[in-house]
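The values are calculated or read from the model by the stated rules, or taken from the named source; none is laboratory data. Just so we're clear, the structure is a prediction, and the values are computed from it rather than from any experiment. Ideal geometry is used to build each Cβ from the backbone, glycine not excepted, and the neighbour counts take in all protein chains shown.
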Amino acid sequence: MSRIVIAGASGFAAVVDFLRGRPDLDGVINVSAPETSDNRTLMRTIRRILGVPIGVPAWRWMLELGSAVIRTETELVLKSRWVVPERLLDAGYAFEHPELEPALRSILRPARGRVNAGARPAD
């Protein structure tokens, strides 16, 4: 499985800004992080960062139900797509977080702080 610009909108926007300055690059450009990961490694890394010791598996029927709710094809959830941003890398684009764990830390650590930011102090 490949991560699609794991840093989210800011990572995608950085790629778009880079491409706007490179009119020589046209056609299809894969906007994915350079380091691929399978789902097991992704979830293990997320649990480690968040301090969650175990994870509950998502069974196929759960994914099918979820896919129906968001109106997408189950195949898009169940099948991996190995995508490499070869043209971006060849053009000299440097990802802010090319490796999985630092990329996840950059988006999960701030989120944890925001979740607790609105919490009321104990009496």
**Residue satisfying condition, being touching a residue at least 24 places away in the same chain (Cβ under 8 Å) and either on the phi < 0 side of the Ramachandran plot or assigned to a loop (DSSP other than H, G, I, E, B) (or both), within set Leu89, Leu76, Leu65** = Leu89
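So how many residues does the stretch 8-62 have that are aromatic (Phe, Trp, Tyr) and without any contact (Cβ under 8 Å) to a residue 12 or more places away in the chain?
At the first step, the residues of the stretch 8-62 found to be aromatic (Phe, Trp, Tyr) are 12, 18, 59, 61.
Keeping just the survivors that are without any contact (Cβ under 8 Å) to a residue 12 or more places away in the chain gives 59, 61.
Within the stretch 8-62, residues that are aromatic (Phe, Trp, Tyr) and without any contact (Cβ under 8 Å) to a residue 12 or more places away in the chain number 2.
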**Odd one out for Ile107 among (1) over 21 Å from Gly51 (Cα atoms); (2) surrounded by 14 or more Cβ atoms within 10 Å (Cβ to Cβ)** = (1)
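Looking only at the stretch 27-63, which residues are farther than 16 Å from Ala103 by Cβ, of a type outside the set (Val, Ile, Thr) and surrounded by fewer than 13 Cβ atoms within 10 Å (Cβ to Cβ)?
Once the filter is applied, which keeps residues that are farther than 16 Å from Ala103 by Cβ, of a type outside the set (Val, Ile, Thr) and surrounded by fewer than 13 Cβ atoms within 10 Å (Cβ to Cβ), the stretch 27-63 yields Gly27, Arg40, Gly51, Pro53, Gly55, Pro57, Ala58, Trp59, Arg60, Trp61, Met62.
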**Asked** Out of (1) out of contact with any helix residue (DSSP H, G or I) (no Cβ under 9 Å at 6 or more places or on another chain); (2) at pLDDT below 90; (3) in a helix (DSSP H, G or I), what's the single condition that is false for Val83?
**Response** (3)
